[in-house]
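Undergrad: Next up is a structure, given as structure tokens.
The values are calculated or read from the model by the stated rules, or taken from the named source; none is laboratory data. Quick caveat, the model's predicted, so the values are computed rather than measured. Counting neighbours? That spans all protein chains shown, and the Cβs are built from the backbone with ideal geometry, glycine included.
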Amino acid sequence: MPTVREVTYDLFRKQGMTKMFGNPGSTELPMLKDFPEDFDYVLGLQEAAVVAMADGYAQMTGRPSLVNLHTAPGLGNAVGAIFNAQANHSPVVITVGQQARKMVTMQANLTNRDAIRVPHPYVKFSYEPPRAEDVPLAIAHAIHLASLPPMGPVMVSIPMDDWDVEMDAAQAAAVVNREVSGRATADPGKISDLADRIREAKNPIAVAGPDVDASDAWEEMIALSENQNLGVWSAPATGGGRLGFPESHPHWRGVLPPAVGPIGETLKDHDLVIVVGSSVFAYYPDLAGPFLAEGTSLVAITSDPDEAARAPMGDAIVADVKLTLTALLEHLDGTDREPPPAWPGPTRVEDSDPLNSSTIHSILREELPENGVVVLESPSSTMALRNQLRISKPKSYFFGAGGGLGFGLGSSIGIQLAEPDRPVVCVLGEGSVQYAVVSFWTAVAYDIPVTFLVLRNEEYAILKWFAEIEQVTGSPGLDLPALESAKIASGYGVESTLVKTADEVQAALKEAIADPKPRLIEVPIQAGMSLF
């Protein structure tokens, strides 16, 4: 009879989950015993970093990734990263060790008391099986839920003495060999109604969000824009963890501002707004105003029922984004509307001393290969990067949609592991580095050739900007002197350099992107936000 461990690894094989990201503890060792040769274990030195790696890997592959964490303290360390994975709609499957069953009642050391409550409300499923024999079924349940829309993280807590328990072979085979799929199509009547509204609108506009990328619907989004001469805004950067439309396309209008009043003002000249693959909207900060101007209506297409239900205005169609756009296009056969005016291309910002982040991003635009991937966690230069780079290929931009720091550094490693033939550049603030700094060790240990570009402004510039908006003065903790990322990364074995001029940045980027090993470039920049 097979053991729980044998059945569980067969399940992982069946689901294509043979890469495990982990930071093991004593309660996980029984799961890892006699680790199969056809599996890869990617070690991280802290749990939040490990979850971020799995988050990036899952987003890039579009399939569930596997994480192994240490009981209560490990799961606790990981909760911030799980929050980000939820916002990113990442199917991260988390197994967490638990004390032996006979020890749990007396709350022996390392008991994960109320284990299933710890990750709430940031997971779709949290469970500890009542019997050892139920472990494979519980993990299968988690995998299938993580993979169904809206995708998201899940957690199963597993007592450490469950793994060697034998179980019925027929039951095991039934659990392992199941398949679950869930791409929902929209009501044909609602699709027809939306097509009528688009045809009748005088000045419609579209907004493309991250689920366009996740559902592999770039071509359909472009086709909708070109068929109806629609301008296309990107979803606000606060919730736009991925891109759904090429920023080099002449119909692209830019990135929507994130707050209520500015969004309503931006869209006021349009009588119909079609939001595709995005929440409506990831508002922040609190800048008041009407959600939409009088005479403007909105329809959202989303695979997430909660996104549809919580929107403060407009109608919604809950269905797979790609399938819905495909069906919608069958009802549309062109338009007499004039195309939107071409959006101006980026121009290189003049050099300064110290450099402006816009100058650095214009250099990055010149050096990033056509198939390059950008992972961004430099909040104060987000808009500068978007305005300068004009990223225009699917699965080429990743940003922590939850807003919690620590996503970028770890996720860039997972993304690079998923796409080893595409160069990955991770753009970070020196403050962001500290939230997942141990990820540097993993990059070196596994020869993961991410280029880390650290913009050093010696402050939390984004917080100073928010302080101005919120009329807050005298707040402590907003300055970051003496954080030297190049020296820190060097301590983990990453070849690192500090550069100060535009020519030095360009040369360092060219060399780092071509290097088959991880490299870090640190650049002192002007303080403050950079928006262009």
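Undergrad: Being within 22 Å of GLU247 (Cα to Cα) and part of a loop (DSSP other than H, G, I, E, B) is the filter here; which residues of segment 388-402 pass it?
TA: ARG390, ILE391, SER392, LYS393, PRO394, LYS395, SER396, GLY400, ALA401
Undergrad: Before we move on, is VAL425 without any contact (Cβ under 8 Å) to a residue 60 or more places away in the chain and in the same structural domain as VAL494 (by TED's automatic domain parsing)?
TA: In short, no.
Undergrad: Then there's this: Give segment 321-342 a look and list any residue that's over 17 Å from ARG199 (Cα atoms) and of a type in the set (A, V, I, L, M, F, W, C), or say none.
TA: The answer is VAL321, LEU323, ALA342.
Undergrad: Do we find a residue being surrounded by 20 or more Cβ atoms within 10 Å (Cβ to Cβ), of a type in the set (Gly, Ala, Ser) and in a loop (DSSP other than H, G, I, E, B) anywhere in segment 314-328?
TA: Yes, there is a match, as at least one residue in segment 314-328 is surrounded by 20 or more Cβ atoms within 10 Å (Cβ to Cβ), of a type in the set (Gly, Ala, Ser) and in a loop (DSSP other than H, G, I, E, B).
Undergrad: Any chance you could count how many residues in segment 398-433 are within 15 Å of PRO449 (Cβ to Cβ) and of a type outside the set (Gly, Ala, Ser)? Steps first, answer last, please.
TA: Here is the first cut: in segment 398-433, the residues within 15 Å of PRO449 (Cβ to Cβ) are 409, 412-426.
Those left that are additionally of a type outside the set (Gly, Ala, Ser): 409, 413, 415-417, 419-426.
Residues meeting the conditions: 13.
Conditions (1) farther than 11 Å from TRP343 by Cβ; (2) part of a loop (DSSP other than H, G, I, E, B), marked per residue:
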| site | (1), (2) |
| --- | --- |
| ALA223 | yes, no |
| GLU226 | yes, no |
| TRP233 | no, no |
| PRO236 | yes, yes |
| GLY241 | yes, yes |
| GLY244 | yes, yes |
| ARG253 | no, no |
| PRO258 | yes, yes |
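Undergrad: Right, something else. Has segment 401-417 got any residue that is under 21 Å from ILE360 (Cβ atoms), in contact with a Leu (Cβ under 6 Å, 6 or more places away or on another chain) and surrounded by 24 or more Cβ atoms within 10 Å (Cβ to Cβ)?
TA: Scanning segment 401-417 turns up at least one residue that is under 21 Å from ILE360 (Cβ atoms), in contact with a Leu (Cβ under 6 Å, 6 or more places away or on another chain) and surrounded by 24 or more Cβ atoms within 10 Å (Cβ to Cβ).
Undergrad: Which of the residues that make up segment 502-523 are under 26 Å from the mean Cα position of the chain (by Cα) and among the small types (Gly, Ala, Ser)?
TA: Matches in segment 502-523: ALA512, ALA514.
Undergrad: For segment 419-501, which fully contained helices (runs of 4 or more DSSP H) count at least 3 residues that are more than 19 Å from the chain's Cα centre (by Cα)?
TA: In segment 419-501, 439-445, 461-469, 485-491 are the helices (runs of 4 or more DSSP H) which contain 3 or more residues that are more than 19 Å from the chain's Cα centre (by Cα).
Undergrad: If you don't mind, there's one more thing I want to ask. Could you say whether any residue in segment 26-48 is part of a helix (DSSP H, G or I), of a type in the set (A, V, I, L, M), under 23 Å from the mean Cα position of the chain (by Cα) and not assigned by TED's automatic domain parsing to the domain that holds PRO210?
TA: Let us first name the residues in segment 26-48 that are part of a helix (DSSP H, G or I), namely 29-32, 47-48.
Subsequent filtering for residues that are of a type in the set (A, V, I, L, M) retains 29, 31-32, 48.
Still in the running and under 23 Å from the mean Cα position of the chain (by Cα): 48.
Add one more test, that the residue is not assigned by TED's automatic domain parsing to the domain that holds PRO210, and what stays is 48.
Yes, because at least one residue in segment 26-48 is part of a helix (DSSP H, G or I), of a type in the set (A, V, I, L, M), under 23 Å from the mean Cα position of the chain (by Cα) and not assigned by TED's automatic domain parsing to the domain that holds PRO210.
Every residue, every condition in (1) of a type in the set (Gly, Ala, Ser); (2) modelled with pLDDT of 95 or more; (3) in contact with a Leu (Cβ under 9 Å, 6 or more places away or on another chain), yes or no:
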site	(1), (2), (3)
PRO36	no, yes, no
TYR41	no, yes, yes
ASP55	no, yes, no
ALA58	yes, yes, no
PRO64	no, yes, no
ASN68	no, yes, yes
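Undergrad: For residues that are surrounded by 13 or more Cβ atoms within 10 Å (Cβ to Cβ), in a helix (DSSP H, G or I) and out of contact with any Pro (no Cβ under 8 Å at 6 or more places or on another chain), tally how many sit in segment 175-196.
TA: Residues flagged as surrounded by 13 or more Cβ atoms within 10 Å (Cβ to Cβ), in a helix (DSSP H, G or I) and out of contact with any Pro (no Cβ under 8 Å at 6 or more places or on another chain) within segment 175-196 amount to 6.
Undergrad: Of the conditions (1) over 30 Å from ASN371 (Cα atoms); (2) surrounded by fewer than 22 Cβ atoms within 10 Å (Cβ to Cβ), PRO250 clears all except one; give me its number.
TA: The one condition PRO250 does not meet is (1).
Undergrad: Conditions first: (1) modelled with pLDDT under 80; (2) within 19 Å of LEU355 (Cα to Cα); (3) surrounded by 15 or more Cβ atoms within 10 Å (Cβ to Cβ). ALA527 passes all but one, so which condition is the exception?
TA: (3)
Undergrad: Here is a check on your reading of the model: is ALA49 over 16 Å from ALA418 (Cβ atoms) and crowded, with 18+ Cβ neighbours inside 10 Å?
TA: Yes; evaluated as a whole, the condition is true for this residue.
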